[in-house]
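This report refers to the structure that appears directly beneath it.
Since every read-out is calculated from the coordinates, none of them should be taken as a lab result. Being a predicted model, the structure only gives us computed values, none of them experimental. A quick note on method: Cβ atoms are made from the backbone with ideal geometry, for glycine too, and the neighbour counts reach across all protein chains shown.
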Amino acid sequence: MTMYELILKKKRGGALTSEEINWMVREYTNGCIPDYQMSAMLMAVCFQKMNTEETTALTLAMADSGDRMDLSSIKGIKVDKHSTGGVGDKTSLVLAPLVASLGIPVAKMSGRGLGHTGGTIDKLESISGFRTSLSEEEFLKNVADIHIAIAGQTKNLAPADKKLYALRDVTGTVDNLSLIASSIMSKKLASGADAIVLDVKAGDGAFMKTPGEAKALARMMIQIGEKAGKAMTAVISDMNQPLGNAVGNALELEEVIATLKGHGPEDLTELVFTLGACMLLSAKAADSMEDAEKKLQDALFSGKAYGKFLEFVKAQGGNTDQVEDPCLLPQASLRMEVYADREGFVTGIHTEEIGRICLLLGGGRAVKEDPIDPAVGIVLHRKIGDFVKKGDSIATICANDKTKCQAAGDRLKAAYEYGDRSLEERKIVYEVIH
Ligand code: URA
């Protein structure tokens, strides 16, 4: 078997066998298949797709490419959550401490930015000293002691996904159902939680552009998870505008902190409550969605969740002064307002473009080795349904480079659409699939 033959087979629309997929994943993880051949395979998959059997085989091969974590030493039902990726998606950073503050163990493996979307690990690294790389012992100890740990993939947990994730990020091969499903589910299976809650995003800023595509992705992941004995739930949520107002690593952390103090944006808070309620139900810590939401609201508005966030940051070596005073987080040297050039209601925001503008400013990677600038990004002042007058500020660009700042401002202006009538209020949660 050679990679060259497998690339041709997929390019011509053939289905790869489990044996071929196992071989390809093993050889790529070992470094015997180079990135350029794997890039060609990923692109062929994007054009020709994979069937359910291939997707399942790819997931299992990736999950078994390294160790599987054993969480059995931690008491209780361990619940994990994962998002398919969006713009301004800082949900996990509010949700994980909120759920943990109710005594439910949250052992979360998170990712870095992918394509035009941000990643939890990059956001956490805006806090000085914060360690996203934990040994398995430390990860387990933190979950046992304080009910929460969030870490990047340890070196040997689904290492095939770790390599493929970084490659897909820079080769335009993220937005494929089978590649997303296998990436997410391989990590979730390897990280050992009993129950998994998925936030499957649909819309312009998501990899799945329609609710129908998002539902198909959700069903595929639920099928793979249930086959592996996991309790699965998926929430289909809207990504036709950024979640909350902040896009960019440190800016998003600032919004996370505000949300944990009970004054976050409505869409983010509502999504957190829905996902949190699903996590509580999966952990058998509530009788109904209503009961769960009440518990979550009490924990958020009493300050318990914020206290847990501080405890979590401290346990992973982060500087809690920056949490207590977010002005101490990395700050951009330039701030530029972007003004509306007409009057009307905001009827659309090109959300993927907002993610790309953040990348242009330095908030994400263009090639694998790129460093990230945590301070840059965008703060939106107007969202869909809002009325603007000509000359109102619709957003602030935070940048460290004048030319990029100007280009970002022009692109941001063009990313807004206006109309003479307000649209119906948008739902943030489309559907919950158990
Ligand atoms: N999150 C992942 O971990 N992988 C993907 O492919 C998309 C989102």
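Tabulated results
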{"read-out": "Estimated distance in nm for a label pair at Asp70 and Ser302, the labels positioned 7 Å out from Cα along Cα-to-Cβ", "value": "3.6 nm"}
{"read-out": "Hz values of 3J(HN,Hα) by residue in the stretch 232-245 - Karplus curve (6.51, -1.76, 1.60), Gly and Pro given as x", "value": "10, 9, 10, 10, 8, 10, 6, 9, 8, 7, x, 7, x, 10"}
{"read-out": "Length added when fully stretched, Thr210-Ser135, from 0.36 nm per residue minus Cα-Cα", "value": "23.1 nm"}
{"read-out": "Simple spin-label estimate for Glu431 and Lys390 in nanometres, 7 Å along Cα-Cβ", "value": "4.4 nm"}
{"read-out": "Of Lys11/Lys188; Lys11/Lys108; Lys284/Lys368; Lys188/Lys427; Lys75/Lys295, those spanning more than 32 Å from alpha-carbon to alpha-carbon", "value": "Lys11/Lys108; Lys284/Lys368"}
{"read-out": "Ranked by how many other beta carbons lie within 10 Å on average, peptides 202-212, 222-232 from highest", "value": "202-212, 222-232"}
{"read-out": "Computed over the chain: relative contact order in percent, which uses C-alpha pairs under 8 Å that are six or more apart", "value": "18 percent"}
{"read-out": "Projected label distance in nm at Asp325 and Thr52, using a 7 Å step from Cα toward the beta-carbon", "value": "5.8 nm"}
{"read-out": "Gyration tensor (alpha-carbon) shape descriptor, the stretch 361-434, a/c threshold 1.5", "value": "oblate"}
{"read-out": "For the chain, alpha-carbon Rg and Dmax in angstrom", "value": "21.0, 64"}
{"read-out": "Cα gyration tensor shape of the stretch 272-354, rounded if a/c is under 1.5, else prolate or oblate by comparing a/b with b/c", "value": "oblate"}
{"read-out": "Shape of the stretch 285-434, Cα gyration tensor, a/c cut at 1.5", "value": "oblate"}
{"read-out": "Expected 222 nm ellipticity per residue - DSSP helices of 4 or more, -39500 (n - 2.57), all of the chain, to 500", "value": "-13500 deg cm²/dmol"}
